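Worksheet for the structure shown next.
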Amino acid sequence: MAAIRMTEVDVWRWVAAEERRAVLLRGVNWTVERGEHWVVLGPNGAGKTTLLSMAAAFSHPSEGTVEVLGQTLGAVDMRTLRESIGTLEPALSRRIQGRYTGYEVVLTGATGSIALLHDRVTDDDRARADRLIGEIGVEHLRERRFEDCSQGERQRLLLARSLMDEPQLLLLDEPTTGLDLPSRERLIASLDTMAEANLDLPTVIVTHHLEEIPSTTTHALLLRDGGIVAAGQIGAVLTSEAVSETFDIEVQVAHNTGRWAAMVVRS
Ligand SMILES: Nc1ncnc2c1ncn2[C@@H]1O[C@H](COP(=O)(O)OP(=O)(O)OP(=O)(O)O)[C@@H](O)[C@H]1O
Ligand SMILES: [Mg+2]
């Protein structure tokens, strides 16, 4: 069973004011298998969040089929399916209560809710929260109020939170946005540790920057104007040519000790 399987997927929205269809994704064929760690790269407006929102069972395709964890969207209860999917999206940080401690924020993941539902949290949940706090390396934030945490610290707590409900699929939309260099590196290190500790867990990370790709990443998908430029094993996909085409700017791609970088070529 594939974690995600999209077949001939189109997504369009009707723009009433302009009396036309906006095409967000077209002709997408994409399969994510268990144990694969994907990065989705593409410029602003390429369709990355749209793609992830279907994988998260939050929206349906306009055409084609999307299967998530073996279930076909449109033929399943999306809410039940969502319980098996861990997500980290930019808006989450603003929706969580600032007075919660780091530990409490992680614990909210047990019930997949924004609020901490004390009566539904079990001893097993508490033990798991403690284990994840150690695994992600945020012990020092355990008692800190969420509102006092920096953006990078919040992201790492939210990463631990996303793993609480033992997800079978983990989706991260721009987890490193707004972080300074050391915070970004700490989050990437946490992502690598997480991938190594959960070998089978399929993950998809959306980013704009090759420098933000964790070294445990195995596959890459390049998206431009709603269409796939290339998808597959990361080494075969992240060529200077394909990345230049994706971002419409000539870049030289470098790969060094597991990490990636793109340098703009000036003519
Ligand atoms: N309801 C809608 N109606 C019309 N256009 C839409 C609608 N929702 C999204 N779009 C457009 O679809 C395109 C893809 O959006 P999406 O959020 O998936 O891009 P993205 O790759 O995540 O971009 P970013 O890197 O900026 O987050 C954008 O141009 C966006 O403006
Ligand atoms: Mg987006």
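Please treat every number below as a calculation from the coordinates, not as lab data. Predicted model only: the values in this text are computed from it and were never measured. Methodologically, a virtual Cβ is constructed for each residue, glycine included, from the backbone with ideal geometry; neighbour enumeration extends over all protein chains shown.
Quick notes on this one:
- Label-point separation, I249 to D192 (7 Å along Cα→Cβ), nm: 2.6
- Tail beyond 16 Å, pair distance distribution of segment 183-233 (Cα, percent): 44
- Stokes-Einstein D (µm²/s) once Rh is taken as the Kirkwood radius of the chain over alpha-carbon pairs, at 25 °C in 0.890 mPa s: 128
- Within a Gaussian network of the chain (alpha carbon springs, distance under 10 Å), most fluctuating of A56, A127, A75: A75
- Modelled this way, with points 7 Å down the Cα-to-C-beta line, the labels at T31 and S267 are 3.9 nm from one another.
- Of interest is the spacing of the C-alpha centroids, which for segment 191-245 and segment 141-178 amounts to 20 Å.
- Here's the picture: a label point sits 7 Å out from the Cα of N44 along the beta-carbon direction, and within segment 236-264 the residues with their amide nitrogen under 16 Å of it are 247-249.
- A cut-off of 5 Å between modelled amide H atoms, ignoring neighbours fewer than 5 places along the same chain, links V229 with L222, L223, R224.
- Measuring r between the beta carbons of L199 and V15 and using R0 = 45 Å, the FRET efficiency lands at 0.55.
- Positive minus negative residues near G102 (Lys, Arg vs Asp, Glu; Cβ under 10 Å): +1
- Computed from backbone phi, the HN-Hα couplings of segment 77-86 come to 6, 4, 5, 5, 4, 4, 5, 9, 10, x Hz, rounded to whole numbers (Karplus: 6.51 cos²θ - 1.76 cosθ + 1.60, θ = phi - 60°; Gly and Pro given as x).
- Put a plus charge on the Cβ of each Lys and Arg, a minus charge on the Cβ of each Asp and Glu, and nothing anywhere else: the dipole of the chain about its Cα centre is then about 420 debye.
- Annotation: peptides 104-113, 258-267, ranked by per-residue average of other Cβ atoms within 10 Å with the highest first, follow the order 104-113, 258-267.
- Volume in Å³ per residue [convex hull over Cα atoms, computed for segment 16-128]: 180
- Per DSSP, loop GluC sites (Glu not before Pro) in segment 115-156 with at most 10 further Cβ within 10 Å: E143
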